[in-house]
Amino acid sequence: MLRLLTRLLECAECKRSCKEKGVCDFTEEETTLLISLLSRIYKKTIDETLDFRYDVLRKINQNTAVHATLATVGLEQLAEFLEDDDVEDVVLIPGRPIYITRRYGKEKIGKISEAKTLRALLKIAHLKGVELTTANPSFRYGLSFGGYRLRVSIDLPPIVPHPQAYVRVHRKKITAKDLVKSGFLTGEQLREIVAWLREGRHVVVSGPPGSGKTTLLAAIDDLIPPHLQRVYIDEADEFEDDPNKNQIKIRSVNKAKEVLASLNRNIDVIFIGELQYEDHFAAFRTASEMGLQTLATMHATNVEDAQKRLKRRGIELQNIGIVQLSKKYGAMVERKVAALYAK
């Protein structure tokens with residue numbers, strides 16, 4: 001086992017042509033033992049841990065790397081969905097059929113969700129610092145490795161009859177240019193959004209679930225000069241770590257006020273992952289009242305509903321731009337920018 005561990009570490013340090021050199025060449029039996037060894041090696045965070053494990057396993061066998069990496073944390077049941085580029089999200093309720101959303105719509109597959117998959121997701125939530133108590137029966141977190149970014153939402157009793165998990169899968173970074181090319185928004189709409197950013201307007205991207213709100217907000221983030229100080233308030237950690245951007249990330253919205261108070265002279269832009277509960281709206285109000293450009297996503301079916309929801313939460317529409325998205329089912333799921341609003 002010690003010899004195998006030594007070879008594993010040599011493989012991890014290898015930079016190129018590793019299998020050809022024999023450094024990362026393992027038999028099938030050795031690979032099984034290797035996965036067991038890797039499951040005991042941890043980095044500073046669970047994301048860094050999975051990225052390290054994936055990097056080693058990819059050098060050994062690219063075709064099985066995703067499955068093997070997820071197997072080290074008990075999530076091998078998710079592997080086929082990450083490997084299928086058509087799958088956008090997965091719904092898991094232990095003991096019940098798995099439902100997935102593809103680009104053309106939802107479907108039930110012929111497999112049953114395993115209880116151990118949900119247990120593994122709960123264990124990772126604990127490693128992420130999520131409070132697992134009856135006072136917090138609904139929560140979200142992000143998980144990333146090897147270019148995959150997962151948004152995991154978990155609901156537990158008493159708010160639902162049975163524990164359930166919803167996993168959104170992102171496979172690559174999507175730019176504003178990609179969104180224009182795909183027809184998600186027009187060049188004219190993009191130019192107007194850019195004008196809002198230059199004017200210092202606050203921006204709220206609203207739409208139904210799965211309409212591409214976070215994808216668009218992340219693309220908008222790339223349109224803002226990288227040297228500007230950003231603060232992300234996002235429990236699901238859906239914004240990529242980018243060494244070229246001046247970033248600060250806050251996972252708990254409850255800490256937002258203290259951070260804003262201590263850093264307000266240095267902050268240029270605030271991102272709020274989703275305006276969902278009163279604390280999120282309070283953070284938006286606080287940041288905008290301090291004169292900080294604030295961007296967020298929010299659920300709303302149309303511009304009118306978005307305006308009403310913001311007003312109910314005490315947020316003035318002056319100097320706010322709303323990007324309203326729509327989502328329709330047909331031969332494919334159609335997502336697009338349906339309207340722009342600025343007072």
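The values are calculated or read from the model by the stated rules, or taken from the named source; none is laboratory data. Just so you know, these numbers come straight off a predicted model, no measurement behind them. Neighbour counts run over all protein chains shown; Cβ positions are idealised from the backbone, glycine included.
In the condition set (1) surrounded by 19 or more Cβ atoms within 10 Å (Cβ to Cβ); (2) more than 30 Å from Val337 (Cβ to Cβ); (3) at pLDDT below 95, Ser144 is compliant with all but (2). Find all pairs meeting these conditions: Cβ atoms under 7 angstrom apart; at least six residues apart or on different chains; first residue within region 277-299 and assigned by TED's automatic domain parsing to the domain that holds Ala218; second residue loosely packed, with under 15 Cβ neighbours inside 10 Å and part of a helix (DSSP H, G or I). Sorted first by the residue in region 277-299, then by its partner, the pairs are Asp279/Asn254; Thr286/Lys257. For region 113-145, the candidate set comprises residues that are of a type in the set (A, V, I, L, M) and part of a loop (DSSP other than H, G, I, E, B); within that set, the residue that is nearest to Pro158 (Cα to Cα) is Ala135.
Could you say whether any residue in region 12-26 is closer than 13 Å to Thr69 by Cβ, among the charged types (D, E, K, R), part of a helix (DSSP H, G or I) and at pLDDT 90 or above? So far as region 12-26 goes, no, none of its residues is closer than 13 Å to Thr69 by Cβ, among the charged types (D, E, K, R), part of a helix (DSSP H, G or I) and at pLDDT 90 or above.
Residues in region 44-73 that are in a loop (DSSP other than H, G, I, E, B) and touching a Leu at 6+ places or on another chain (Cβ under 9 Å) were compared, and the one that is surrounded by the most Cβ atoms within 10 Å (Cβ to Cβ) is Thr72. Every condition in (1) surrounded by 19 or more Cβ atoms within 10 Å (Cβ to Cβ); (2) over 17 Å from the mean Cα position of the chain (by Cα); (3) assigned to a strand (DSSP E or B) is met by Gly110 except one, and the failing one is (1). Only one of the listed residues (Gly314, Gly321) is in contact (Cβ under 8 Å) with a residue 24 or more places away in the chain, small (Gly, Ala, Ser) and within 25 Å of Arg191 (Cβ to Cβ). That residue is Gly321.
Tell me yes or no: at least one residue of region 76-85 is more than 14 Å from Leu143 (Cα to Cα), not in a helix (DSSP H, G or I) and not acidic (Asp, Glu). Looking through region 76-85, none of the residues is more than 14 Å from Leu143 (Cα to Cα), not in a helix (DSSP H, G or I) and not acidic (Asp, Glu).
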